[in-house]
Amino acid sequence: MTRFILYTCMAFVTAFVGVFWAARGFPTHFPSPVSSRPLERTVSTTFGDNSSEKKREELVQQQLQDPDNAKRNPLRADTLQAATGFALSPCNKTMKADLVAATRAYAAGFQELRKCNPMFQKKCDLVEDKATAAYGTPFDLRVQKALHEAFEIGGVSYADFPPELQMSVMSLANSRGNPVSACGNTAERVRP
């Protein structure tokens, strides 16, 4: 009998506490961390702010004055010439071989400038910005436009390059290319 009274009292106390807790909206109290502080803004730019564009242009100007920049002019000229030659004569296998060789050398320089240890993210961002600026001169923009046009014609694609250079080639040409040759398409049209 005493057990029955004990269990009944426990049930009434539990019901009373439960109803009291429910009437208050089931509040819970968790202790707040001792070292909490308000969140800080991490974005430093605002809408319409073009400070990153100014920074990029300053880096390009620095690269134009850099003596190493002039050393890349032969690579740029060869790649521009090969891309233009391939665009004018996409059926010529020698033109394709010249384009692949020149683009490989051009992309290898870009890849070399972009090398960075991913453990140092801030340093990698700076390295990436410098590489983009080094390959963002007016001469480079002409080369990259010619590469894009050559890749869009067909017959050359990122698959023609070693795997370690494929991302750099696609970035510089702004295209994946098309492995299907434009010559095959025109020859099929001429036959019927």
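The values are calculated or read from the model by the stated rules, or taken from the named source; none is laboratory data. Since the structure is predicted, the reported quantities are computational estimates derived from the model, not experimental observations. Every residue, glycine as well, gets a Cβ built from its backbone with ideal geometry; the counts of neighbours run over all protein chains shown.
Tabulated results
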read-out: Single residue of the range 44-76 satisfying the filter (among the β-branched types (Val, Ile, Thr) and in contact with a helix residue (DSSP H, G or I) (Cβ under 7 Å, 6 or more places away or on another chain)) that is modelled with the lowest pLDDT; value: Thr45
read-out: So Val143, is it modelled with pLDDT of 90 or more, surrounded by 13 or more Cβ atoms within 10 Å (Cβ to Cβ) and touching a Lys or Arg at 6+ places or on another chain (Cβ under 7 Å); value: yes
read-out: Single match in Pro138, Pro74 (criterion: closer than 19 Å to Glu57 by Cβ and either crowded, with 20+ Cβ neighbours inside 10 Å or of a type outside the set (Asp, Glu) (or both)); value: Pro138
read-out: Odd one out for Lys123 among (1) part of a helix (DSSP H, G or I); (2) out of contact with any Cys (no Cβ under 7 Å at 6 or more places or on another chain); value: (2)
read-out: Residue within the range 162-169 that is under 30 Å from Gln65 (Cβ atoms), without any contact (Cβ under 8 Å) to a residue 60 or more places away in the chain and of a type outside the set (A, V, I, L, M) present; value: no
read-out: Flag if Cys116 is closer than 22 Å to Glu164 by Cα and assigned to a loop (DSSP other than H, G, I, E, B); value: yes
read-out: Subset of the range 122-161 that is touching a residue at least 24 places away in the same chain (Cβ under 8 Å) and among the small types (Gly, Ala, Ser) - its residue that is farthest from Lys93 (Cα to Cα); value: Ala133
read-out: Check on Thr132, assigned to a helix (DSSP H, G or I), among the hydroxyl-bearing types (Ser, Thr, Tyr) and over 18 Å from the mean Cα position of the chain (by Cα); value: no
read-out: Residue match in the range 100-112 (condition: within 22 Å of Asn69 (Cα to Cα), of a type in the set (Val, Ile, Thr), at pLDDT below 90 and part of a helix (DSSP H, G or I)); value: no
read-out: Residue satisfying condition, being within 24 Å of Asn178 (Cβ to Cβ), more than 17 Å from the chain's Cα centre (by Cα) and surrounded by fewer than 19 Cβ atoms within 10 Å (Cβ to Cβ), within set Thr94, Thr79; value: Thr94
